[in-house]
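Nothing in this text is a laboratory measurement; each read-out follows from the coordinates by a stated rule. Because the structure is predicted, anything quoted here is derived from the model rather than measured. So basically every Cβ, Gly included, is an ideal-geometry build from the backbone, and we count neighbours across all protein chains shown.
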Amino acid sequence: MMGTPYCCSRRSRVVELIEVSATPIDTAALKRSLANPAAGGFCEFEGWVRNENEGHEVERLEYEAYAPLVIVEGEKVLAEAQERFPFLAARCVHRVGLLEIGECAVWIGVASKHRDEAFKACRFIIDEIKLRLPIWKKEHYANGDSGWVNCERCAGRGIADKIAD
């Protein structure tokens, strides 16, 4: 599918999976994996590599992650989403490595009995993943420069301390 997932967890009938992948994300396969006859709603989010950020022409992105902590903290995010917005199944895949313009960097899908839970859970998951997971993005610019983006967010939340443990 997406390559070897670093981890997955299945809790009773609710499926919650998070993985980090060095290969392109197969969004159609992921969507199919969440099919459930009890689901009346499905919501997905795809984060794509764009060609501009804050006035800089971007040629590609590079993602790095500390996978063991991504999985541990990511499972917490999915469990919190499940508590707040009960869903039937949710999955999240985040890419690592070099990505070109237009490639999918992150995919989240949520299947639920009703659309409201699917929308809210999907939004909660992407917002929390961007805030809490040790995944770092480096932008490569057309002028030859490059730079890491938003690395201070992990430092401010104690992520570096968790990695050191």
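For the pairs K76/K130; K31/K120; K76/K138, flag any whose C-alpha to C-alpha distance is greater than 21 Å.
K76/K138
Give me the one-decimal nm value for the distance between modelled label points at L98 and A35, 7 Å along each residue's Cα-to-Cβ direction.
Label-label distance for L98 and A35, simple model: 3.7 nm.
Suppose each label sits 7 Å from its Cα in the direction of the beta carbon; what would the N150-E44 distance come out to in nanometres?
2.2
Looking only at region 102-133, which residues have a backbone nitrogen under 11 Å from a spot 7 Å from the Cα of R84 in the C-beta direction?
Label zone hits: 120-129.
Hey, for a label at N143 modelled as a point 7 Å past Cα toward Cβ, could you say which residues of region 52-85 have their backbone N under 16 Å away?
Label zone hits: 52-60.
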